[in-house]
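Worksheet: the structure to be examined is printed underneath.
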Amino acid sequence: MVEVDLKGRGISDSAVLDAMGRVPRHEFVDIQYRELAYADHALPIEENQTISQPYIVALMTQSAHLLAGDRVLEIGTGSGYQAAVLAEIVKEVYSIEIVEALAEQAALKLRQLGYDNVKVRHGDGYQGWQGAAPFDVILITAAAPEIPQPLIDQLKVGGRIVMPLGDHRMYQDLILLTKEKSGLKREFITGVVFVPMTGEIRK
Ligand code: SAH
């Protein structure tokens, strides 16, 4: 997976490649999909949600330009896989999941695998995690029609947000936002398909 699907498609950040080589993805997928765990596909998890395709996890992680000392917030814990990849690279990971059963399962799995630097919380990620802010990086792993203002507020100056932006179910723009003193700089990364962000953003 690392050689063909990641390096072969242009992922070059060695910290990201090493992290993805270390995280046991099969532990985060349903037992019936174990054989497909290292193929470059998104896979179903419980509650009609998905664990993202490895290449997209790698691309989002690389695009965030992580540093070892960073404090990172993830919106959409899902299986916990992306959180584990982040935890291999940075000091502290905070992850919020709106479906309680998924939050509990992911927290358990991350604890079993020894990812002590990840904190998982059940809730709506729209409001971020005020008690742990400010963050160096925020990854949103569900498609949002706009950038939640509380997340911009909880980002350090110089900090980055990587997220799928858009309201279409089958296509969104994966973008990198950098918070500069003068405002947000926005860069297009690629087209993606994520499950929709739910909760307050839809109101
Ligand atoms: N990062 C995950 C995949 C995410 S799938 C992984 O590595 O497995 C998107 C997840 O976002 C789903 O689990 C969904 O329930 C969650 N989600 C959707 N809207 C949310 C919100 N407002 N706050 C927190 N989580 C949300």
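The values are calculated or read from the model by the stated rules, or taken from the named source; none is laboratory data. Remember, predicted model here, so these are calculated numbers, not experimental data. All Cβ positions, even for glycine, are placed from backbone atoms using ideal geometry, and neighbour counts span all protein chains on display. In case anyone asks, the SASA skips ligands and DNA or RNA and just uses the protein heavy atoms, side chains included. Shrake-Rupley method; radii C 1.70, N 1.55, O 1.52, S 1.80 Å.
For region 67-88 versus region 106-181, the inter-centroid distance based on Cα atoms is 9 Å.
In this structure the chain gives 46 Å² per residue of accessible area when probed at 1.4 Å with all protein chains present. Near P196, once Lys and Arg are set to +1 and Asp and Glu to -1 for all other residues with Cβ below 12 Å from its Cβ, the sum equals +1.
Of I140, L151, Q105, which is farthest towards the positive pole of the chain's charge dipole, taken about the Cα centre with +1 and -1 on the beta-carbons of Lys, Arg and Asp, Glu respectively? After comparing all options, I get L151. With 0.36 nm allotted per residue and the present C-alpha distance subtracted, the H168-A39 stretch has 43.8 nm of extension available. At a 1.4 Å probe radius, carbon and sulfur cover how many percent of the accessible area of the chain? Answer for the chain: carbon and sulfur cover 49 percent of the accessible area.
Put simply, when 153-164, 126-137 are sorted by average Cβ atoms within 10 angstrom per residue, most first, you get 153-164, 126-137.
In the chain, the DSSP beta bridges split such that about 45 percent are antiparallel, to the nearest 5. In the elastic network of the chain, a GNM with C-alpha springs shorter than 10 Å, the most mobile of E35, E88, E74 is E35. For the chain, the mean residue ellipticity at 222 nm estimated from helices alone is -6500 deg cm²/dmol, where every DSSP H run of n ≥ 4 contributes -39500 (n - 2.57) and the total is divided by all residues, rounded to the nearest 500. Looking at the square roots a ≥ b ≥ c of the eigenvalues of the Cα gyration tensor of region 105-203, which shape do they give, rounded for a/c under 1.5, prolate if a/b is larger than b/c, or oblate? Here region 105-203 falls in the oblate category. Dividing the radius of gyration of the alpha carbons in region 1-124 by their Kirkwood radius gives 0.93 for Rg/Rh. With a simple spin-label model that places each label point 7 Å from the Cα along the Cα-to-Cβ direction, the separation between E100 and F188 comes to 4.2 nm. As an exercise, use a Förster radius of 30 Å and the Cβ-Cβ distance of D18 and R202 to find the FRET efficiency, rounded to the nearest 0.05. Using R0 = 30 Å, I get an efficiency of 0.20.
Close Lys pairs in region 58-203 (alpha-carbon distance under 18 Å; sequence gap of 8 or more, or different chains): 6.
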